[in-house]
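Q: Structure provided below as structure tokens; questions to follow.
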Amino acid sequence: MTQEEVFKNLTAHCKEYGFIFQSSEIYDGLSAVYDYGQLGVELKNNIKNYWWQAMVRLHDNIVGIDSAIFMHPKIWEASGHVAAFNDPLIDNRDSKKRYRADVLIEDFLAKLEEKINKEVEKGRRKFGETFDEEQFRATNPNVLRIKAKYDETHARMVKALDNNDLEEMRQIIIDSDIVCPISGTKNWTDVRKFNLMFSTQLGNVSGEDGTIYLRPETAQGIFVNFLNVQKTGRMKIPFGIAQIGKAFRNEIVARQFIFRMREFEQMEMQFFIKPGTELDWFAKWKETRLQWHKAIGLGDDKYRFHDHDKLAHYANAATDIEFNFPFGFKELEGIHSRTDFDLGNHQRMSGRKIQYFDPETQESYVPYVIETSIGVDRCVLAVLSSSYHEEALEGGDTRVVLSIPPALAPVKVAVLPLVKKDGLPEKAREILTALRVDFNCQYDEKDSIGKRYRRQDAIGTPYCVTVDHDTLTDGTVTIRYRDTMEQERVPIDALRNIIFDKVSLNSLLTKNI
Ligand code: ATP
């Protein structure tokens, strides 16, 4: 099965089992907007909880806030979003589809990279053990030809983005023979800029301009509260403010399920530091955040850093943590050294002194900022896409299993009476009542035990506890493990500890210390 097919199956699976639904489905849906169902919300909450505990609880110099979505419109002028939060867009006249020009070029570059890798693999097969990859990359004529094309196109793109040169962006697309994936033609329009912020009206006094924006990032809510938190929390630099909340962007190219949505959720942390120390802190936060991701256990090789070619208007260093989604390595989290851009601009625009008084040097300054910004929904997609497996079992049977890391799984344990009589349901409910104080549990007595196991596999429940006739006499149950499908006989009293060890967030948090 191709990655594309697996991804399609995953999307269908998410709907079928109550993880993620298309928004407004009974009205044919609203594009690039999604609702989380009964299991999706549990997974999402677990991810948010993991982030919050790792950032706020494990750091004595980071505190959290929850700022409002509506903010004063001047904030978005100060932040640069009114003037510069634009995407370069291009339309294909034949398919009438719209694309981000930079994404079309990046996809083309990714294809060149793929071609180079294929050449390298060919070489490896041909030369066997004597193969020297470094030398091959440096001398093979095919590799060198493709690499030259890559470097040239890449350099042109970076320059065009830096200079905001929309004509040149179009020319790169033409010169690279990039065709529309739908129509297959090169019938492109000009490249235009499009602002991504949604606006709405505040119930205002008539005559006044009440236009306000839905926030496109949560970060500004942190910056405008810098003084409040620093003073009331008696925070000393270096310190951070963390926030989880909704953000809105009028994304034009909205594809790939919950990867790119118009309404999504961010987990952002702004770390305030002394100017001049930013590159050290930038390096530190890169490592800390990567460690957070790796601790989840989806596989270390699924992550990589991608340093930015074009720095945003506010940054002096920036990197993405990319994740290997079914459609390739794409941004999961951004880490940016934002200098004093935001606080400095708010100071100018608001007329308030937004500075920190350093008690040691007796000096005041506008702090610099390192930002870590991750999309909750992309994290959900990372977990789901790497957990989804269609497995062939012995005897020709198959099962769909979500091997979600137990600490993030929506349901931790299912309690199942073997049959619906002889007092087994009553005993099972007794066990359920005791376990649900600690864990999110399900009770299921319908269908054969095999079918019930499959249903739990399909939603990623790490443990099933089966109550049978022996339970009534010897106080033991069968515990079944999702990943190995192994079963073990254990005393009821031992259940809590066995399950707690694996499903508690502590198991992830200890890897963050
Ligand atoms: P991209 O280049 O993919 O558009 P970005 O660089 O604009 O992303 P940031 O502004 O750095 O993204 O936002 C921080 C994080 O918020 C991203 O790493 C991503 O996880 C998440 N995010 C951004 N836009 C969206 C979106 N439209 N849908 C879901 N998550 C998003």
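Q: On a full-extension model of 0.36 nm per residue, what is the gain between Ala68 and Ile174, subtracting their alpha-carbon distance, rounded to one decimal in nm?
A: 33.7 nm
Q: Sequence neighbours fewer than 8 away in the same chain don't count; with that in mind, list the aspartates and glutamates whose C-alpha is under 19 Å from Lys193.
A: The qualifying aspartates and glutamates are Glu77, Asp87, Asp91, Asp102, Glu106, Asp162, Asp165, Glu167, Glu168, Glu251.
Q: So for each of 483-490, 180-187 I average, over its residues, the number of other beta carbons within 10 Å; can you give me the resulting order with the highest mean first?
A: Answer by packing, highest mean first, reads 180-187, 483-490.
Q: Compute the distance in nm between two label points, each set 7 Å from the Cα along the Cα-to-Cβ direction, one at Arg255 and one at Ser507.
A: Modelled inter-label distance: 3.7 nm.
Q: With a point put 7 Å past each Cα toward its Cβ, work out how far Lys246 is from Val103 in nm, to one decimal.
A: So the label points at Lys246 and Val103 sit 2.2 nm apart.
Q: Another question, then. Using the Karplus curve 6.51 cos²θ - 1.76 cosθ + 1.60 with θ = phi - 60°, work out ³J(HN,Hα) for each residue of the stretch 47-61 in order, rounded to whole Hz, and write x for Gly and Pro.
A: 5, 5, 5, 4, 5, 4, 5, 5, 8, 8, 6, 7, 10, 6, 10
Q: How large is the helix-only mean residue ellipticity at 222 nm for the chain, computed as the sum of -39500 (n - 2.57) over DSSP H runs with n ≥ 4, divided by its residue count, in deg cm²/dmol to the nearest 500?
A: That comes out to -11500 deg cm²/dmol.
Q: Search the structure for amide H atoms under 5 Å from the amide H of Gly240, placed 1.01 Å from N in the peptide plane, and list their residues when 5 or more places away or on another chain.
A: Close amide H contacts, sequence-distant or interchain: Ile62, Val63, Phe272.
Q: Something else: For the ranges 212-222, 158-168, what's the packing order if you count other beta-carbon atoms within 10 Å of each residue, average per peptide, and put the highest first?
A: 212-222, 158-168
Q: Relative to the present Cα-Cα distance, how much length would full extension add between Asn61 and Arg192 at 0.36 nm per residue of separation?
A: Between Asn61 and Arg192, full extension yields an extra 42.8 nm.
Q: For the full complex of protein chains and a 1.4 angstrom probe, list Arg170, Arg234 by accessible area with the highest value first.
A: Arg234, Arg170
Q: Something else about it: List, in order, the whole-Hz ³J(HN,Hα) value for each residue of the stretch 452-468 obtained from phi through the Karplus relation with A = 6.51, B = -1.76, C = 1.60 and θ = phi - 60°; use x for Gly and Pro.
A: Ordered by residue, 3J(HN,Hα) equals 5, 4, 4, 4, 6, 4, 5, 10, x, 6, x, 10, 10, 10, 9, 9, 10 Hz.
Q: Nearest 0.05, what FRET efficiency do Phe329 and Met349 give at R0 = 30 Å with Cβ-Cβ as r?
A: The computed FRET efficiency comes out at 0.20.
Q: Set the bar at 28 Å for Cα to Cα. Now go through Lys118/Lys186; Lys8/Lys286; Lys8/Lys246; Lys159/Lys274; Lys231/Lys284; Lys8/Lys294 and name every pair that lies beyond it.
A: Lys8/Lys286; Lys159/Lys274
Q: Of the accessible area of the stretch 1-156, with the probe set at 1.4 angstrom, what percent is carbon plus sulfur?
A: 51 percent
Q: In addition: Between Lys274 and Asp397, what length comes free when the chain is fully extended (0.36 nm per residue of separation minus the Cα-Cα distance, one decimal in nm)?
A: 38.2 nm
Q: Still on this structure: Could you please state how large a percent of the accessible area of the stretch 303-345 is carbon and sulfur, counting protein chains only and using a 1.4 Å probe?
A: Carbon and sulfur together cover 44 percent of it.
Q: In whole Hz and in residue order, list the ³J(HN,Hα) couplings for the stretch 410-419 that follow from phi through the Karplus curve 6.51 cos²θ - 1.76 cosθ + 1.60, θ = phi - 60°; x for Gly and Pro.
A: x, 10, 8, 8, 10, 9, 10, x, 4, 10
Q: Suppose every Lys and Arg Cβ carries +1 and every Asp and Glu Cβ carries -1, with no other charges. What dipole size does the stretch 211-311 come out with about its Cα centre, to the nearest 20 debye?
A: Around 240 debye, computed over the stretch 211-311.
Q: Rank by packing, highest mean first: peptides 192-199, 96-103, with packing defined as the count of other Cβ atoms within 10 Å averaged across residues.
A: Per-residue mean Cβ counts within 10 Å order the peptides as 96-103, 192-199.
Q: Which FRET efficiency value, to the nearest 0.05, is calculated for Gln201 and Asp35 with the Förster distance at 25 angstrom and r the Cβ-Cβ distance?
A: E(calc), rounded to 0.05, equals 0.45.
Q: Per residue, how much accessible area does the chain have with a 1.4 Å probe, in Å²?
A: In whole numbers, the chain has 49 Å² accessible per residue.
Q: Can you compute the modelled spin-label distance between Ala148 and Lys96, with each label point 7 Å from Cα toward Cβ, in nm?
A: Each label point lies 7 Å from its Cα, and together they span 4.3 nm.
The values are calculated or read from the model by the stated rules, or taken from the named source; none is laboratory data. Just so it is clear, the structure is predicted and the values come from calculations on it, not from any experiment. Reconstructed Cβ throughout: ideal geometry from the backbone, glycine too, with neighbour counts over all protein chains shown. Only protein heavy atoms, including side chains, enter the accessible area calculation; ligands, DNA and RNA are left aside. Shrake-Rupley method; radii C 1.70, N 1.55, O 1.52, S 1.80 Å.
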